[in-house]
Amino acid sequence: MNSTIRIQADDFDLAAEYELLRQLDSAVGAVVTFTGLVRDLEKNASINSLTLQHYPSMTESLLQEIVDQAQQLWHLIGVTVIHRVGELLPSDQIVFVGVASQHRADAFEAAQFVMDYLKTKATFWKKVDQNGEQHWVESKDSDQTAKERWHKDD
């Protein structure tokens, strides 16, 4: 399986990332992609920006573990995970998860698994600027609930 993990400040090209997954192998029959965007609301109030920080070597390692787990559970040809860091504005692309496989069920489930685990296991810290005041974003119970549906022991 081919896997690509990138943490970067620069934006990514959704069409180019899709095409790279599509062209991995002639056996690719499905490519599922997810692109997360910076929401303009936090706690029902507009935000000015979202700043993401991470611990470089730890974050890449944890993302690779998530991708490896997905490979063990589904028949995958390729997985790409891109997560942006630094200051982002509302509507900016923040995360890309792309999965290529022979069959759609594997691609859909693996993409959702990767995203659910990324939200709870990857070491990213988010700080929101709202009207000149900054605060750290707490993890959401809904993210943990989404991860738990995969019945994994962590």
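None of the figures in this text is laboratory data; all of them are computed from the coordinates on show. These numbers were taken from a predicted model, which means no experiment stands behind them. Virtual Cβ from ideal backbone geometry, glycine too; neighbours counted across all protein chains shown.
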Among 14-20, 81-87, how do they line up from the highest to the lowest mean number of other beta-carbon atoms within 10 Å? 81-87, 14-20
Highest GNM mean-square fluctuation, the chain, Cα pairs closer than 10 Å: which of 57, 91, 101? 57
Let's test the formula: R0 of 25 Å, r as the Cβ-Cβ distance of residue 4 and residue 34. What FRET efficiency results, to the nearest 0.05? 0.95
Below 8 Å between Cα atoms, with a sequence gap of 6+, how large is the relative contact order for the chain in percent? 32
Among 125, 137, 115, whose Cα sits farthest toward the positive end of the charge dipole of the chain (+1 at Cβ of Lys/Arg, -1 at Cβ of Asp/Glu, about the Cα centre)? 115
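Work out the length of the dipole vector of the chain about its Cα centre, built from +1 on the beta-carbon of each Lys and Arg and -1 on the beta-carbon of each Asp and Glu, and round it to the nearest 20 debye. Show your work: numbers first, answer last.
Values: 14 positive and 24 negative charges, 39 e Å.
The dipole of the chain has a size of about 180 debye.
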Cα shape, the chain, gyration tensor, a/c 1.5 rule: prolate
Based on DSSP H runs of at least 4 residues, each adding -39500 (n - 2.57), what is the mean residue ellipticity at 222 nm of the chain after dividing by all its residues, to the nearest 500 deg cm²/dmol? -11000 deg cm²/dmol
Mind telling me which of 79, 97, 128 comes out most flexible in a GNM of the chain, alpha-carbon contacts under 10 Å? 128
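Could you sort 107-119, 27-39 so that the peptide with the highest average Cβ count within 10 Å comes first and the rest follow in order?
Highest to lowest by the protection proxy: 107-119, 27-39.
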